[in-house]
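Undergrad: Here's a structure for you.
None of the figures in this text is laboratory data; all of them are computed from the coordinates on show. Everything quoted here is computed from the prediction, not taken from an experiment. Cβ: placed from backbone, ideal geometry, glycine included. Neighbour counts: every protein chain shown.
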Amino acid sequence: MAKILSVNAGSSSLKFKLFDMPSEQVICSGIADRIGHPDGIFKIDFGTQKLKEIHPLPNHAVGVELLLKALVDNKIIESYDEIAGVGHRVVMGGKFYPTSAIFDEACAQNVEALIPLAPLHNRPNLVGYRAFKEILPNVGHVAVFDTAFHQTMEAQDYMFPIPYEYYEKYDIRRYGFHGTSHQYLAQEGIKLLGNPDHSKIISCHIGSGASIAAIRDGRCVATSMGLTPLGGLMMGTRTGDIDPSVLHFAAIRSGKTHEEMYEIFNKRAGILGVSGISNDTREVEEATYRGDPRAILTSQMFVRRIADYIGQYFVRLGGADLIILSAGVGENAGYYRAQILEQIKDALKITYDAELNLPLRGKTAILSLPDSAIKVAVIPTDEEVMIARDTYRILIQNQ
């Protein structure tokens with residue numbers, strides 16, 4: 001038995017779960033939120049207890065100190081020596097990492113070199129690692145990359161039709177993201193299918209950030225996000241795929257720089273930009289029921305793009321055994337699940353249980369009916385357990 005800490009360091013937060021491995025039992029979980037603020041929030045849940053405290057959180061290091069101190073103070077562990085490993089989510093691994101890897105100084109330098117490709121993510125991921133390494137220097141650390149699962153794509157799937165020299169000089173290509181989630185969903189989906197030797201799965205991670213992956217026999221063959229998380233589906237604040245000239249033309253007409261317009265396309269576009277209401281699909285759904293025309297249009301655009309990618313990946317795989325709906329919207333929003341399935345059901349010969357679908361929230365369930373040509377399932381994703389699995393495998397099983 002080994003205690004493994006899974007860590008996800010964001011720009012202003014530090015999420016964590018402590019697992020007992022290999023049983024995968026969650027010992028505790030929590031978050032240090034509002035990092036960079038004097039009124040930061042620290043939460044930790046263990047057993048039947050839920051603690052919430054307000055602390056100044058000037059940086060990630062203070063969040064790490066609070067986390068580790070809480071583990072000892074609340075007798076969750078007797079000492080830091082009980083922690084057998086720390087697994088860190090790292091968004092961008094570039095071409096360097098087709099799998100998770102020991103997080104040492106050489107790895108940290110590669111993560112730092114990739115910051116330009118994921119500035120909002122790799123920088124805090126690296127800060128989180130260094131903060132833990134400072135306090136736990138003798139504990140093994142593992143980097144679990146969002147991009148690793150997608151490294152099995154073929155060149156014809158990951159290359160962009162741009163001058164080849166830009167790929168050679170600058171590594172500009174499709175990397176894909178949410179790989180840890182898609183890998184977990186693929187594994188769970190294969191189990192749900194009865195562990196066949198061959199499988200074709202379309203995995204839909206649909207949240208504020210969203211992506212879809214085409215997975216054959218547990219290996220990714222295509223995914224919707226591209227060089228950065230801006231590509232692919234329409235998302236909470238991101239455009240997803242658009243004509244590249246839109247950025248150039250919008251910048252000229254608005255008098256903004258290309259950098260300013262790129263920021264808008266990342267943070268003020270998508271569901272927020274079209275609806276003018278919110279980046280939260282729940283608020284847009286409510287406005288849709290009220291008949292708000294922009295909310296209706298936003299929902300239609302959001303659903304249409306998801307349906308289009310499912311259709312594209314159905315062709316890419318030569319059929320599908322299973323479509324998985326997951327993440328915040330996929331797991332909890334029966335309205336959007338129904339709209340997606342209505343878009344694809346005739347072409348893909350899908351039938352589903354509408355009464356089961358609508359109230360379903362956060363639970364694994366098969367939505368498709370027995371006569372459906374393709375199984376459709378809701379499977380809650382669990383990136384943290386995937387991080388713990390890889391950390392345990394690399395630090396303990398492989399030793």
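Undergrad: Note down the Stokes-Einstein diffusion coefficient of the range 228-290 in µm²/s, whole number, using a Kirkwood radius over alpha carbon pairs, 37 °C, and 0.692 mPa s.
TA: For the chosen part, D equals 270 µm²/s.
Undergrad: Still on this structure, please answer the following. Taking a cut-off of 19 Å, what percent of all Cα-Cα pairs in the range 1-140 are separated by more than that?
TA: The proportion of pairs with Cα distances above 19 Å equals 50 percent.
Undergrad: Moving to a separate point now. Around residue 198, what is the net charge, scoring Lys/Arg as +1 and Asp/Glu as -1 over all other residues with Cβ under 10 Å from its Cβ? Intermediate values should be presented prior to the final figure.
TA: Working: positive: 200, 216; negative: 197, 217, 321.
Combined, the nearby Lys, Arg, Asp and Glu give -1.
Undergrad: Looking at the P(r) of the range 343-385, how many percent of alpha-carbon pairs lie beyond 12 Å?
TA: 61 percent
Undergrad: For the pairs 43/375; 3/191; 75/133; 15/267; 95/375, note any where the Cα-Cα span goes beyond 28 Å.
TA: As for pairs spanning more than 28 Å Cα to Cα, those are 43/375; 95/375.
Undergrad: Where in the range 211-233 does the amide nitrogen come within less than 16 Å of the point 7 Å from the Cα of residue 197, taken along Cα to Cβ?
TA: 217-218, by backbone N distance to the label point.
Undergrad: Another question about this same structure. Report the local net charge at residue 49: Lys and Arg +1, Asp and Glu -1, summed over other residues whose C-beta lies under 13 Å from its C-beta.
TA: On the way: positive: 43, 50, 52, 75; negative: 45, 53, 73.
Charge balance near residue 49 sits at +1.
Undergrad: Give me the number: length gained by fully extending residue 315 to residue 115, i.e. 0.36 nm times residue separation minus the C-alpha to C-alpha distance, one decimal in nm.
TA: Taking 0.36 nm per residue and subtracting the Cα distance, the gain is 68.6 nm.
Undergrad: Jot down the per residue volume, in cubic angstrom and as a whole number, of the convex hull over the alpha-carbon atoms of the range 98-156.
TA: In the range 98-156, the Cα hull volume divided by residue count equals 84 Å³.
Undergrad: Need the full-extension length gain, residue 79 to residue 165, defined as separation in residues times 0.36 nm minus the C-alpha distance. One decimal, nm. Show your work: numbers first, answer last.
TA: On the way: separation 86, 0.36 × 86 = 30.96 nm, distance 5.26 nm.
Net length gain for the segment: 25.7 nm.
Undergrad: Under a point-charge model restricted to the Cβ atoms of Lys and Arg (+1) and Asp and Glu (-1), what is the dipole moment magnitude of the chain relative to its Cα centre, in debye to the nearest 20?
TA: The dipole magnitude comes to about 440 debye.
Undergrad: Right, another one. Express in nm, to one decimal, how much length is gained between residue 280 and residue 219 on full extension, taking 0.36 nm for each residue of separation and deducting their alpha carbon distance.
TA: Contour length minus the Cα-Cα distance gives 18.8 nm.
Undergrad: For the chain, compute Rh as the Kirkwood radius over C-alpha pairs and then the Stokes-Einstein diffusion coefficient at 25 °C and 0.890 mPa s; write the answer in µm²/s, rounded to an integer.
TA: Numbers: Rh = 22.1 Å.
Rounded, D is 111 µm²/s.
Undergrad: Please compute the modelled spin-label separation between residue 37 and residue 25, points set 7 Å along Cα→Cβ, answer in nm with one decimal.
TA: Label at residue 25, label at residue 37, 3.6 nm between them.
Undergrad: Can I ask one more? Set Lys and Arg Cβ to +1 and Asp and Glu Cβ to -1, take the dipole of the chain about its Cα centre, and tell me which of 225, 178, 287 lies farthest positive.
TA: Value computed over the given set: 287.
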